[in-house]
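Only one structure is covered here, and it is reproduced in the block below.
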Amino acid sequence: MESKRWTIETGSKFEKLAGYSRAVVDGEWVFVSGTAGSDGATGEFSDDPAEQARCALQQISDALEQAGAALSDIVRVRVYLSHADHVLAASQVLGAAFSDPRPANTTIICGFAVPEILVEIEATALKRNRVDDKSLA
């Protein structure tokens, strides 16, 4: 059985420039690109790594929703941080966002092309079958 593959775009100039999509949906799998923690409304970056982590998760959640999935479907996250001092702040945000079974996590300290970026998160999700509440009526 062949699965349908499609992409989710946000309209970012970098998607076309760098040849990527915010997310790729392949059957029940959703692969969300590294998502920097900018404010979705303004595009600005907070100087607070926890706020950047929250913003990144919100953008990931929005992409997953378009794919018919949710944060609870995430099976793996990769967290990229500009400095080791940001590990606790970002980890606390992730800890509040995920419940059992929590996803696998790899955290990497790295540099970014834009100095305002403190946090970037990528995710892989496996969509679960959901029961439509309206169908129960």
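The values are calculated or read from the model by the stated rules, or taken from the named source; none is laboratory data. Since this is a predicted model, take the numbers as computed values, not measurements. Cβ placement follows ideal geometry from the backbone for every residue including glycine, while neighbour counts extend to all protein chains displayed.
Numbers at a glance
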item: Failed item in (1) surrounded by 14 or more Cβ atoms within 10 Å (Cβ to Cβ); (2) within 15 Å of THR124 (Cβ to Cβ); (3) at pLDDT 95 or above; (4) not β-branched (Val, Ile, Thr), with SER21 passing the rest; result: (3)
item: Unique residue being in contact (Cβ under 8 Å) with a residue 24 or more places away in the chain, exposed (fewer than 14 other Cβ atoms within 10 Å of the Cβ) and within 21 Å of ARG5 (Cβ to Cβ) when the list is GLY27, GLY34, GLY111; result: GLY27
item: Pairs, first basic (Lys, Arg) in the range 78-98, second not in a loop (DSSP other than H, G, I, E, B), C-beta under 6 Å, six or more apart; result: ARG78/THR106; ARG78/GLU122
item: Subset of the range 84-116 (residues that are in contact with a Leu (Cβ under 8 Å, 6 or more places away or on another chain), closer than 21 Å to ALA70 by Cβ and of a type outside the set (Gly, Ala, Ser)); result: VAL93, LEU94, PHE98, ASN105
item: Segments classed as strands (runs of 3 or more DSSP E), wholly inside the range 2-85, with at least 2 members that are touching a strand residue (DSSP E or B) at 6+ places or on another chain (Cβ under 7 Å) and among the charged types (D, E, K, R); result: 74-81
item: Leading residue by the ranking (nearest to the chain's Cα centre (by Cα)) among those in the range 98-118 that are closer than 24 Å to PHE14 by Cα and outside any loop (DSSP other than H, G, I, E, B); result: THR107
